[in-house]
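Derivation of every value follows stated rules applied to the coordinates shown; laboratory data play no part. Small disclaimer: the values here were computed from a predicted structure and weren't measured. No Cβ is skipped: glycine too gets one built from the backbone with ideal geometry, and neighbour counts run over all protein chains shown.
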């Protein structure tokens, strides 16, 4: 069993705990990324970055609220965390 499969089965088993924790993690990373983007300015490039971050985080929140399948919610969480982390790294360096 791969690492992804193990984490997916754990997430599916404790869906509500994982989804709640995921909302907190996604929102915190997204807000950090948004803060760093806005610290670099308010030009069109920064606004596009900010829009991507907001869409990714809200996509995950919406998938939890819509009670979609656990695999889709888990994949949305991974995408949200990756996007926020990428923009954090881009704006720190």
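Assuming residue 55 fulfils every condition listed in (1) more than 29 Å from residue 7 (Cβ to Cβ); (2) free of Cβ contacts under 8 Å to residues at least 12 places away in the same chain apart from one, which condition is it?
Among (1) more than 29 Å from residue 7 (Cβ to Cβ); (2) free of Cβ contacts under 8 Å to residues at least 12 places away in the same chain, residue 55 violates only (1).
Which one of these is touching a helix residue (DSSP H, G or I) at 6+ places or on another chain (Cβ under 8 Å) and free of Cβ contacts under 8 Å to residues at least 60 places away in the same chain: 34, 66?
34
Go through the residues of segment 60-77 one by one and say whether even a single one is under 26 Å from residue 93 (Cα atoms), surrounded by fewer than 18 Cβ atoms within 10 Å (Cβ to Cβ) and within 11 Å of the chain's Cα centre (by Cα).
No, segment 60-77 contains no residue that is under 26 Å from residue 93 (Cα atoms), surrounded by fewer than 18 Cβ atoms within 10 Å (Cβ to Cβ) and within 11 Å of the chain's Cα centre (by Cα).
Could you check, for segment 1-23, whether at least one of its residues is exposed (fewer than 13 other Cβ atoms within 10 Å of the Cβ), under 19 Å from residue 83 (Cβ atoms) and under 11 Å from the mean Cα position of the chain (by Cα)?
No.
I need a count of the residues in segment 28-43 that are under 10 Å from the mean Cα position of the chain (by Cα) and either buried (at least 19 other Cβ atoms within 10 Å of the Cβ) or under 15 Å from residue 78 (Cβ atoms) (or both).
Of the residues in segment 28-43, 2 are under 10 Å from the mean Cα position of the chain (by Cα) and either buried (at least 19 other Cβ atoms within 10 Å of the Cβ) or under 15 Å from residue 78 (Cβ atoms) (or both).
Restrict the check to segment 77-85 and report whether at least one residue is part of a helix (DSSP H, G or I), farther than 13 Å from residue 29 by Cβ, in contact with a helix residue (DSSP H, G or I) (Cβ under 8 Å, 6 or more places away or on another chain) and touching a residue at least 12 places away in the same chain (Cβ under 8 Å).
No: segment 77-85 contains no residue that is part of a helix (DSSP H, G or I), farther than 13 Å from residue 29 by Cβ, in contact with a helix residue (DSSP H, G or I) (Cβ under 8 Å, 6 or more places away or on another chain) and touching a residue at least 12 places away in the same chain (Cβ under 8 Å).
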